[in-house]
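Take a look at the structure set out below.
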Amino acid sequence: MDTTHAKESAVPVTRPAPSFLFFDLETTGADPAFDRPLQFAAIRTDLAFEPIDKPVVWYARPPTDCLPHPAAVMTTGMLPDAPELEGGDSEATLANRVHRLVSQPNTCVVGFNNLRFDAPMLRFLFWRNLLDPYRHEWADGNSRFDVLEAARAYRLLAPGALAWPTDNDGRPTLRLAELSAANGLTHERAHDALSDVEATIDLARHLHAADPALWERLLAARDKRQVARLLDAADHAPFLHVSSRLPARVASASVFASFGQVDDNRNRRECWDLRFDPLPWLDLDADAWAERRFLKNPPEDAERDWDDLRLPIKSIHLNRVPVVLPLDALERDGVAQRMVIDRERITLHAEHFRTRFAALRERLVGALERTEGDLPPQPVEQALYAGFVPPGDRRLLDDWWARARSLASRVEAIDHARGLMTMRFADDRLAELVEGFVARNLPEALDATARRRWQARLLERLRPGEDGDDESAGGRDFPGLRAEIVRLERDERWSGEQRALLAPYRDWLARREREVVSLARG
């Protein structure tokens, strides 16, 4: 870790005015738990979307233990040896900078598809780098919001707000580049983080201007208590829910009724899709419900045998800013027609849900008991959701980082990292997580034994043996990527310009493999 970059001024004692922090990431791939940020860009605005700070654009060097996917290279146009990446920060320095930026009090962190991708990517970035992965999302007046989900809601509830593009097959699309082009928004370079941020701000501005009241209703869901009040109504009152998990042909929306909290997760509610009559499902026992939870065939698939259809239940997380609205939203002009719902049938199904609630809930609880289990073993860098870090361990790590930010030289940072390696933690994950953190950012601090362990891990992940039984790299090893390059070279869905990046990427991959082998041999 370069402490000359990590050292920054403390967060002001006086709480700043509420602001939006629009941000975007470009990464090594599409898996938030495995992949790593390479570019971070952000612009802070006031609540009227006017910038109040200078834009930030930060780059990180590709880490030794995570190889960029060639599809990510073709998408972003950034080769791993691009000057801005090779001259970028260590991952620890990037994590520290971003963590302090998003943790400023009264910040609403905003992106486009950030709740499903960028926000989890930040959580894992902070986890790998020993920073609190959650606090920035809720503490000190902070929150988060997703303009993609807002756009999805506007398409249903206020379709006059924008021109809504379609893809080459005539299907509606909410891709940022297509929305920008269709509506004349600022968007110079798709998949450049700063350009995507600028486009997201422009899109948010347009949505707000078209229907300020709807924007405020959607923003209200940042408070999970408000979401809970709607979903936990005593009479199981139906509500409208818009989600990418619902079919586009019904405007990605349906009417639901909630079972309330049914397990130990206080932030999750299981909800019944009222397009479907719950009574026939009572003919099935809890085992059958468990089998139906994860079937691929949606419950509305009329061409499938009823026995092959998925249970019409959806999880809604109170703390993920869901688009949930009272049923009066159906009164807006054309909403029910766009959702292709029969309101009389919805009312009937809601009555069946209320009258047979106890039996339905009993089936659901039984199904959850049969399907909810422990997470399979994972590499420690991906084990964030295996449990919260104990408070005592959290204080040790926070204190370590507080001291690290004050160091003026790399020599001091190395000595400080050696102290970190001697700490004893209650959480069994942390000793290995700390060793990986030090190996990636301050390898000089490793002793001979720890260095050999790290070298062995690199070889095991990136150059698996002939049996190929190591899955910790998610298939992202040297042999696997060489095969992926060959496949992508023949894939004409990518442009010629994009596929031209595969040859220099192959050269970089060969150089990186030689470096890893040389490092492992010491």
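Among the residues of the range 101-145, the ones that are over 20 Å from V56 (Cβ atoms), among the aliphatic types (A, V, I, L, M) and under 14 Å from the mean Cα position of the chain (by Cα) come to 1 in all. Of the residues in the range 278-287, at least one is assigned to a loop (DSSP other than H, G, I, E, B), buried (at least 21 other Cβ atoms within 10 Å of the Cβ) and on the phi < 0 side of the Ramachandran plot. Exactly one residue out of A221, A253 is of a type in the set (G, A, S), touching a helix residue (DSSP H, G or I) at 6+ places or on another chain (Cβ under 9 Å) and under 14 Å from M339 (Cα atoms): that is A253. The condition of being modelled with pLDDT under 95 and either over 15 Å from I313 (Cα atoms) or assigned to a helix (DSSP H, G or I) (or both) does not hold for A220.
Hey, any hits in the range 83-96 for a residue that's in a strand (DSSP E or B), under 27 Å from G387 (Cβ atoms) and touching a residue at least 60 places away in the same chain (Cβ under 8 Å)? No: the range 83-96 contains no residue that is in a strand (DSSP E or B), under 27 Å from G387 (Cβ atoms) and touching a residue at least 60 places away in the same chain (Cβ under 8 Å).
Listed by position, the strands (runs of 3 or more DSSP E) inside the range 1-81 whose residues that are under 19 Å from the mean Cα position of the chain (by Cα) and at pLDDT 95 or above number at least 1 are 19-27, 37-45. Each residue in the range 174-194 was checked for being under 14 Å from A151 (Cβ atoms), buried (at least 17 other Cβ atoms within 10 Å of the Cβ) and under 20 Å from the mean Cα position of the chain (by Cα), and 3 pass.
Do we find a residue being in contact with a Lys or Arg (Cβ under 7 Å, 6 or more places away or on another chain) and either farther than 28 Å from L509 by Cα or surrounded by 16 or more Cβ atoms within 10 Å (Cβ to Cβ) (or both) anywhere in the range 78-85? Yes: one or more hits.
Cβ separations smaller than 9 Å between residues 6+ apart or across chains give the following pairs from the range 323-340 residues that are modelled with pLDDT of 95 or more to residues that are acidic (D, E) and part of a loop (DSSP other than H, G, I, E, B): A336/D342.
So which of A221, A151, A199 is buried (at least 19 other Cβ atoms within 10 Å of the Cβ) and within 15 Å of R320 (Cβ to Cβ)? Walk me through how you get there before you give the answer.
Values: A151 fails: within 15 Å of R320 (Cβ to Cβ); A199 fails: within 15 Å of R320 (Cβ to Cβ).
Going through A221, A151, A199 in turn, just one is buried (at least 19 other Cβ atoms within 10 Å of the Cβ) and within 15 Å of R320 (Cβ to Cβ): A221.
Please indicate, with yes or no, whether at least one residue in the range 204-217 is in a helix (DSSP H, G or I), touching a residue at least 40 places away in the same chain (Cβ under 8 Å), surrounded by fewer than 17 Cβ atoms within 10 Å (Cβ to Cβ) and among the aliphatic types (A, V, I, L, M). Yes.
For the residues R418, R424, R457, R476, the requirement of being at pLDDT 95 or above and either part of a helix (DSSP H, G or I) or under 20 Å from L509 (Cβ atoms) (or both) singles out R418.
Of everything in the range 328-356, what is hydrophobic (A, V, I, L, M, F, W, C), within 17 Å of C271 (Cα to Cα) and buried (at least 17 other Cβ atoms within 10 Å of the Cβ)? Give them in sequence order. Can you show your working first?
Step one: of the range 328-356, the residues hydrophobic (A, V, I, L, M, F, W, C) are 329-330, 335-336, 339-341, 346, 348, 350, 353.
Add one more test, that the residue is within 17 Å of C271 (Cα to Cα), and what stays is 346, 348, 350, 353.
Across the range 328-356, the qualifying residues are I346, A350, F353.
The values are calculated or read from the model by the stated rules, or taken from the named source; none is laboratory data. Values in this document were obtained by computation on a predicted structure and should not be read as measured data. As a convention, Cβ positions derive from the backbone with ideal geometry for all residues, glycine included, and neighbour counts pool all protein chains shown.
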